[in-house]
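Asker: Following this message is one structure expressed as structure tokens.
The values are calculated or read from the model by the stated rules, or taken from the named source; none is laboratory data. Not measured: the values here are computed from a predicted model. Here Cβ is always computed from backbone atoms with ideal geometry, including for glycine, and neighbour counts include all displayed protein chains.
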Ligand SMILES: [Zn+2]
């Protein structure tokens with residue numbers, strides 16, 4: 001059995017109580033990917049350790065890898081994204097994003113881009129803005145589209161999935177299972193293959209492209225139409241269901257609602 005300790009920076013994604021007094025933490029690190037680590041209840045100073053391992057912070061952890069589990073032995077808080085907790089809407093949005101990231105990230109995948117993207121995302125949220133439910137849904141959808149792109153499930157929003165020609169406005173259908181757009185010619189040529197392809201408005205495709213490819217700062221400047229946002233949210237949900245492994249029975253926006261019914265009303269920031 002190896003008892004060598006590892007020191008790494010990380011961000012806590014989720015905290016789950018296990019057994020009576022222990023806690024399991026999922027931590028995303030720049031060097032070791034996602035780690036599941038255990039804080040032992042019998043451990044001296046667990047309360048202090050646990051208080052440093054709250055989410056929305058960059059921490060330095062020292063861990064020991066055992067045969068069956070990884071135990072945390074010390075924690076130092078490097079930086080806290082304090083303003084995220086100032087607004088309920090921002091806190092719910094950040095919390096939801098961490099839960100989703102944890103759900104769709106495998107343990108020990110060494111992926112430095114994921115870590116940097118998470119730092120950028122939390123930094124973006126760390127200004128104490130209050131978001132409407134619609135804006136939060138749009139931002140969380142963008143977070144998922146970017147996560148999919150990073151994971152190699154990039155959605156085809158420019159060329160036809162079948163013939164690869166560039167898609168002309170209003171001359172396409174949408175197929176979530178196959179991951180993007182198909183031109184009308186290809187649909188006509190093979191009706192059976194594209195049987196479940198749906199009609200989607202140009203503006204919704206533009207919204208998907210913009211969400212996936214723009215910086216978060218730019219996403220809060222765009223006025224959102226309620227009708228298009230409903231399509232957008234459903235399309236992101238379908239894409240996640242088809243292309244990201246894991247549990248997907250619940251819509252991704254569920255966690256940002258906080259008992260408030262999501263209303264897709266036209267609004268702008
Ligand atoms: Zn085509």
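Asker: On the basis of being buried (at least 16 other Cβ atoms within 10 Å of the Cβ), within 23 Å of residue 105 (Cβ to Cβ) and touching a residue at least 40 places away in the same chain (Cβ under 8 Å), does residue 75 make the cut?
Answerer: In short, no.
Asker: Kindly indicate which of 147, 139 is in contact (Cβ under 8 Å) with a residue 40 or more places away in the chain, within 19 Å of residue 203 (Cα to Cα) and within 19 Å of the chain's Cα centre (by Cα).
Answerer: 139
Asker: Cβ-Cβ distance below 6 Å, separation of 6 or more or different chains: which pairs start in region 159-175 with a residue that is under 16 Å from residue 193 (Cα atoms) and end on one that is within 8 Å of the ligand (Cβ to nearest atom) and assigned to a strand (DSSP E or B)?
Answerer: 160/182; 160/183; 161/182; 162/182; 172/183; 173/182; 175/182
Asker: Kindly indicate the residue of region 178-193 that is more than 10 Å from the ligand (Cβ to nearest atom) and under 29 Å from the mean Cα position of the chain (by Cα) and also nearest to residue 204 (Cα to Cα) among those meeting that condition.
Answerer: 180
Asker: Can you run down the residue pairs with Cβ atoms below 6 Å, 6 or more apart or on separate chains, where the first is in region 176-204 and under 22 Å from residue 243 (Cβ atoms) and in contact (Cβ under 8 Å) with a residue 24 or more places away in the chain and the partner is more than 16 Å from the ligand (Cβ to nearest atom) and part of a helix (DSSP H, G or I)?
Answerer: 176/238; 176/239; 176/242; 177/242; 204/228; 204/231; 204/232
Asker: Here is a further query. Can you pull out every residue in region 148-177 that is away from the ligand (no atom under 12 Å from the Cβ) and either assigned by TED's automatic domain parsing to the domain that holds residue 111 or surrounded by 16 or more Cβ atoms within 10 Å (Cβ to Cβ) (or both)?
Answerer: 148, 151, 153, 155, 157, 174, 176 - these are the residues of region 148-177 that are away from the ligand (no atom under 12 Å from the Cβ) and either assigned by TED's automatic domain parsing to the domain that holds residue 111 or surrounded by 16 or more Cβ atoms within 10 Å (Cβ to Cβ) (or both).
Asker: Got a number for residues in region 98-131 being farther than 20 Å from residue 243 by Cβ, touching a helix residue (DSSP H, G or I) at 6+ places or on another chain (Cβ under 9 Å) and not in a helix (DSSP H, G or I)?
Answerer: Residues meeting the conditions: 6.
Asker: Name every residue in region 194-211 that is within 16 Å of the ligand (Cβ to nearest atom) and within 16 Å of residue 166 (Cα to Cα), in order of residue number.
Answerer: 205
Asker: Could you identify the single residue in 211, 223 that is over 25 Å from residue 104 (Cβ atoms) and touching a residue at least 40 places away in the same chain (Cβ under 8 Å)?
Answerer: The conditions single out 223.
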